[in-house]
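Here the structure comes first, spelled out in structure tokens, and everything after it is commentary.
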Amino acid sequence: MNGVLGFWTGHWGALATFAAVIFVAALVHRYAPQKKRRTRRITFIFAFYILAWGLTTLFGSMEMARAAEWLSVTTQLFGAFTLVTWLAIVLFDLALPAVGVDVVAITTDIVVGVAYVLAMLGVLRAADVNLAGLIATSAVVSAVLALSLQATLGNILGGVALQLDGSIHVGDWVQVDATRQGRVKEIRWRHTVVETRDADTIIVPNASLLASNIFIYGKKDGLPSPRRMSISFFVDFRYAPSRVISVVTEALGSAPIARVAASPAPDVVCMDLGRDQAESCARYVARYWLTDFAVDDPTNSIVRSRIYAALRRAKIPLARPAQTLFLTPEDDTSEQKRSERHFEKRLAAIESIELFKELTPEELRLLADRLHYAPFTAGEIVTKQGAVAHYLYVITEGSVEVRTHVEGASKPVSTLEAPAFFGEMGLMTGEPRLADVIALEDIECFRLEKEALQRVLGERPEVAEEMSRTLAKRRIELIAIRENLTAQDKGEREERERERILGRIRSFFGLG
Ligand code: CMP
């Protein structure tokens, strides 16, 4: 033992210790820069070592044997501490993280603390210091400290318990009090640091954290998991719950929403049929699984927008307060007034469509009259390739992307910016939808049913000729993507395609 310890008082010992400290500091700087705190500690201890070493050498040369002896023990003590710190860095900061093992801070601190004590006892024993007396003194000191620092000790024990039993982890979302939630940033000896979404930091004493229930969001079987979120909405009794549920479920599941898990899929349930006599609406709850709790409100908002748009398309209004219902009862006149108000908007939409440029003002008004408001939110699929076509769509705000499936992959065909139309191919030929059309942002959109076009084409079949030209052009563009057509191929096939489409329109609409 003495031989080993004596090493630290020699020249080579000091040099080797210096080299080891520099080496490990360089490694930390390179591979674990976030653990720099520990390098500072080893530098500090090493500085004491070098100081003690220098004084030992000085006093030794001055032949002050007694002082030199004591200083030599101090040198050995700091040498041993430097070694313990060095080993701790290599083990806990470099080696274990490199193999993917992350030891919690408190465990590391306890192990290192015990190692310091053992190192100290080892050095003192080798120097023949009376350990029994030392231990007795430190036991008395510990008891006095324990009494005076009861609250602090409670927190410290709380911290130890929290980390060792792994009940909460850094990164967990916890409920701090009745109104505040936050993400655990750090679990320290005395307190836990929690950061809220509003960029506030809450320091929670560990003892108080343990004294109450800890609510951890989105965690199951000890592992992070999507959290179920509930969005309430109210719909009047006039609309059957089964219909409301199917409309909203369809809208939430039809296209992915960022941070909403695909599985388990969102669902909708009817929670209540009016809580008291005054209410004439049912309460529904759309439930979905949120994959990133940090973004809960924005995701809720996207889900609400999608619910709103789906209900608007299905002509299911959100419930109004009962009082308003009594004051302005829904009847045909109010509906008519409202539709007149919106007529101008619809007419402008129809007039902006190139497909209808051959139509007379009366025909345009007829179509505008039969246009229905159908908004969609970003990411929703408006038409699905292969589906049966029921509508032609006109967008007055926003943009959509047309995509087609080629050999299993979805490829972009074009982007349509408002004012624009789509869905005409399926509606006018009766063929399945040729492409997916996806809302790139929230879009203001109207749709037209076949019956409206039937009336126009029935009276003036020649209009179909001009329309078939637009349809052929789009269709050839689509085929060009699927079959890699050259510009010349496209030109040649367009006329043939136009005739084929015209034939389809004529037979589908029963035109002579
Ligand atoms: P439909 O086939 O009914 O449904 C998908 C729609 O995508 C289609 O009608 C067109 O309106 C639209 N579409 C297909 N190809 C193109 C294209 N090349 N350019 C613009 N829109 C297109």
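Determine the pairs where a residue that is closer than 11 Å to Q76 by Cβ, located within the range 7-20, has a partner that is of a type in the set (F, W, Y) and surrounded by 13 or more Cβ atoms within 10 Å (Cβ to Cβ) with Cβ atoms under 6 Å apart, the partner being 6 or more residues away or on another chain.
Taking only residues 6 or more apart or on different chains, the pairs are G13/F7.
Within the set of pairs 6+ apart or on separate chains, which have a first residue in the range 97-118 that is under 12 Å from F81 (Cβ atoms), a second that is assigned to a helix (DSSP H, G or I) and not basic (K, R), and C-beta atoms under 6 Å apart?
V112/A88; A115/V84; Y116/V84
Name, by its number, the condition in (1) without any contact (Cβ under 8 Å) to a residue 12 or more places away in the chain; (2) under 27 Å from P256 (Cα atoms); (3) not polar (S, T, N, Q) that does not hold for A480.
In the conditions (1) without any contact (Cβ under 8 Å) to a residue 12 or more places away in the chain; (2) under 27 Å from P256 (Cα atoms); (3) not polar (S, T, N, Q), A480 misses (2) alone.
Listed residues L347, L371, L359, L366; which is farther than 22 Å from L434 by Cα, surrounded by 15 or more Cβ atoms within 10 Å (Cβ to Cβ), free of Cβ contacts under 8 Å to residues at least 40 places away in the same chain and touching a helix residue (DSSP H, G or I) at 6+ places or on another chain (Cβ under 8 Å)?
L347
For F44, all conditions in the list (1) over 19 Å from V123 (Cα atoms); (2) at pLDDT below 90 hold save one; what is the number of the exception?
(2)
May I ask you to list the residues in the range 177-203 that are assigned to a loop (DSSP other than H, G, I, E, B) and within 22 Å of V103 (Cα to Cα)?
Selection gives R188, W189, R190.
How many residues are outside any helix (DSSP H, G or I) and at negative phi when one looks only at the range 70-104?
Residues meeting the conditions: 5.
Output the number of residues of the range 221-244 satisfying the condition of being crowded, with 17+ Cβ neighbours inside 10 Å and in a helix (DSSP H, G or I).
1
Would it be correct to say that G426 is more than 8 Å from the ligand (Cβ to nearest atom), touching a residue at least 12 places away in the same chain (Cβ under 8 Å) and either farther than 16 Å from E354 by Cβ or surrounded by fewer than 14 Cβ atoms within 10 Å (Cβ to Cβ) (or both)?
no
Look at A161 and say whether it is surrounded by fewer than 15 Cβ atoms within 10 Å (Cβ to Cβ) and either of a type outside the set (A, V, I, L, M) or touching a residue at least 40 places away in the same chain (Cβ under 8 Å) (or both).
no
Can you pull out the residues in the range 455-512 that are of a type in the set (D, E), surrounded by fewer than 18 Cβ atoms within 10 Å (Cβ to Cβ) and within 13 Å of the ligand (Cβ to nearest atom)?
The answer is E477, E494.
Out of the residues in the range 436-454 that are closer than 18 Å to K357 by Cβ and more than 13 Å from the ligand (Cβ to nearest atom), state the one that is surrounded by the fewest Cβ atoms within 10 Å (Cβ to Cβ).
Looking at the filtered set, the residue picked out is A452.
So R433 fits all but one of (1) in a helix (DSSP H, G or I); (2) within 14 Å of the ligand (Cβ to nearest atom); (3) among the charged types (D, E, K, R); what number is the exception?
(1)
Residue under question is Y391, and the condition is that it be away from the ligand (no atom under 16 Å from the Cβ), among the hydroxyl-bearing types (S, T, Y) and under 22 Å from E250 (Cα atoms); does it hold?
no
Scan the range 372-392 residue by residue and report those that are more than 15 Å from L440 (Cα to Cα) and not in a loop (DSSP other than H, G, I, E, B).
H372, Y373, Y391, L392
Matching residues to (1) within 13 Å of M425 (Cα to Cα); (2) at pLDDT below 90; (3) among the basic types (K, R):
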{"site": "Q454", "(1), (2), (3)": "no, no, no"}
{"site": "L457", "(1), (2), (3)": "no, no, no"}
{"site": "A464", "(1), (2), (3)": "yes, no, no"}
{"site": "I476", "(1), (2), (3)": "yes, no, no"}
{"site": "R482", "(1), (2), (3)": "no, yes, yes"}
{"site": "T486", "(1), (2), (3)": "no, yes, no"}
{"site": "L502", "(1), (2), (3)": "yes, no, no"}
{"site": "S507", "(1), (2), (3)": "no, no, no"}
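I'd like to verify a number: residues in the range 254-303 that are free of Cβ contacts under 8 Å to residues at least 60 places away in the same chain and among the β-branched types (V, I, T), how many?
Selection size over the range 254-303: 5.
Please work out which residue is farthest from V99 (Cα to Cα), limiting yourself to the range 25-57 and to residues that are under 41 Å from the mean Cα position of the chain (by Cα) and among the hydrophobic types (A, V, I, L, M, F, W, C).
I42
I'd like to check something: does the range 173-181 contain any residue that is in contact (Cβ under 8 Å) with a residue 12 or more places away in the chain, surrounded by fewer than 16 Cβ atoms within 10 Å (Cβ to Cβ), over 30 Å from E279 (Cα atoms) and touching a His at 6+ places or on another chain (Cβ under 7 Å)?
No, the range 173-181 has no match at all.
Can you name every residue in the range 397-423 that is buried (at least 20 other Cβ atoms within 10 Å of the Cβ), more than 30 Å from the chain's Cα centre (by Cα) and either away from the ligand (no atom under 11 Å from the Cβ) or assigned to a loop (DSSP other than H, G, I, E, B) (or both)?
Residue satisfying the conditions is G423 alone.
The rows are residues; the columns are (1) at pLDDT 95 or above; (2) of a type in the set (K, R); (3) within 16 Å of E380 (Cβ to Cβ).
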| position | (1), (2), (3) |
| --- | --- |
| L252 | yes, no, yes |
| P264 | no, no, no |
| V269 | yes, no, no |
| G274 | no, no, no |
| Q277 | no, no, no |
| V285 | yes, no, no |
| Y288 | yes, no, yes |
| A294 | no, no, no |
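The values are calculated or read from the model by the stated rules, or taken from the named source; none is laboratory data. None of these values were measured; they are calculated from a predicted model. We place every Cβ from the backbone using ideal geometry, glycine too, and count neighbours over all the protein chains shown.
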